[in-house]
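Here is the structure we will look at.
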Amino acid sequence: MFLFPSHPSAVINKRWKAIFAVCVLFALGSCGITALFPFEYRADAQVLIISKSRYGVDPYTVVKSAERVGENIAEVMKTDDFFEKVTLLRQYPFDRSVFEEVSPRVRRRRWQKAVSASVVYGTGVLNVGAYGRTPKAAVDLAGAVVETLETKGWEYVGGDVTIRAVNHPAATRFPARPNIFLNTFFGFLAGLLLMGTLVFRRYA
């Protein structure tokens with residue numbers, strides 16, 4: 001008598017416990033690997049870029065000009081010059097040790113990883129983010145970046161622009177990177193994808 005192979009869905013229904021167990025193992029493995037890396041918190045702040053409008057210039061043009069300035073500042077924040085200005089603010093005791101006794105290339109890479117910026121288009125607002133091993137370290141670094149933008153930002157964009165903090169730094173409650181929850185979820189999906197592929201190849 002000829003026997004037809006079991007349908008994949010029937011196999012999944014029959015062996016769902018084993019499939020789920022493998023998914024859980026993948027999720028736990030991903031969680032364990034993530035835990036090996038140092039956790040960092042993120043502090044977020046916002047600054048408003050105010051372009052001094054000239055007579056006859058419509059508000060739309062002023063906002064677009066502020067957006068362009070924000071894009072330039074976001075790139076300037078990654079530079080060595082901006083880093084040096086931030087580190088001069090000793091009233092913000094963020095962890096400077098990670099930038100010391102390393103090559104200029106490594107220091108630059110670490111600095112670019114420690115800060116971020118993005119423009120909220122249509123508003124002239126610049127989102128500023130900073131990372132630290134503790135919430136306080138992240139807040140201190142973000143505060144130093146914001147104050148540097150307020151006091152020294154005009155050097156990069158000219159005197160016709162004012163930068164003002166509108167939201168002071170606030171840290172996340174949980175580590176922002178590595179994202180243990182997201183990595184665990186992806187680990188579970190990887191286990192599900194692997195087992196699903198094996199089942200369909202075996203019984204297709």
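Below are the figures for this structure:
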item	result
Of all residues making up the stretch 91-104, the number that are in a helix (DSSP H, G or I) and either surrounded by 13 or more Cβ atoms within 10 Å (Cβ to Cβ) or at pLDDT 95 or above (or both)	2
From 29, 56, 70, residue being within 30 Å of residue 190 (Cβ to Cβ), at pLDDT below 95 and of a type outside the set (D, E, K, R)	29
Tally of residues being buried (at least 16 other Cβ atoms within 10 Å of the Cβ) and not aliphatic (A, V, I, L, M) across the stretch 139-151	4
Residue 169 more than 15 Å from residue 39 (Cα to Cα), outside any helix (DSSP H, G or I), in contact (Cβ under 8 Å) with a residue 60 or more places away in the chain and touching a strand residue (DSSP E or B) at 6+ places or on another chain (Cβ under 8 Å)	yes
Residues (over 20 Å from residue 162 (Cα atoms) and among the basic types (Lys, Arg)) located in the stretch 79-106	90, 96, 105
The stretch 59-90: number of residues that are in a loop (DSSP other than H, G, I, E, B) and basic (Lys, Arg)	2
Every residue from the stretch 114-138 that is in a strand (DSSP E or B) and surrounded by fewer than 15 Cβ atoms within 10 Å (Cβ to Cβ)	118, 120
Selection from the stretch 172-204 of residues that are of a type in the set (Lys, Arg) and more than 18 Å from residue 39 (Cα to Cα)	201, 202
Leading residue by the ranking (nearest to residue 115 (Cα to Cα)) among those in the stretch 134-173 that are among the basic types (Lys, Arg) and under 23 Å from the mean Cα position of the chain (by Cα)	136
Leading residue by the ranking (surrounded by the most Cβ atoms within 10 Å (Cβ to Cβ)) among those in the stretch 19-32 that are in contact (Cβ under 8 Å) with a residue 12 or more places away in the chain and farther than 15 Å from residue 193 by Cβ	31
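Okay, residues lined up against (1) modelled with pLDDT of 80 or more; (2) under 27 Å from residue 155 (Cβ atoms):
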| site | (1), (2) |
| --- | --- |
| 8 | no, no |
| 12 | no, no |
| 39 | yes, no |
| 43 | yes, yes |
| 46 | yes, yes |
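The values are calculated or read from the model by the stated rules, or taken from the named source; none is laboratory data. Predicted model only: the values in this text are computed from it and were never measured. A quick note on method: Cβ atoms are made from the backbone with ideal geometry, for glycine too, and the neighbour counts reach across all protein chains shown.
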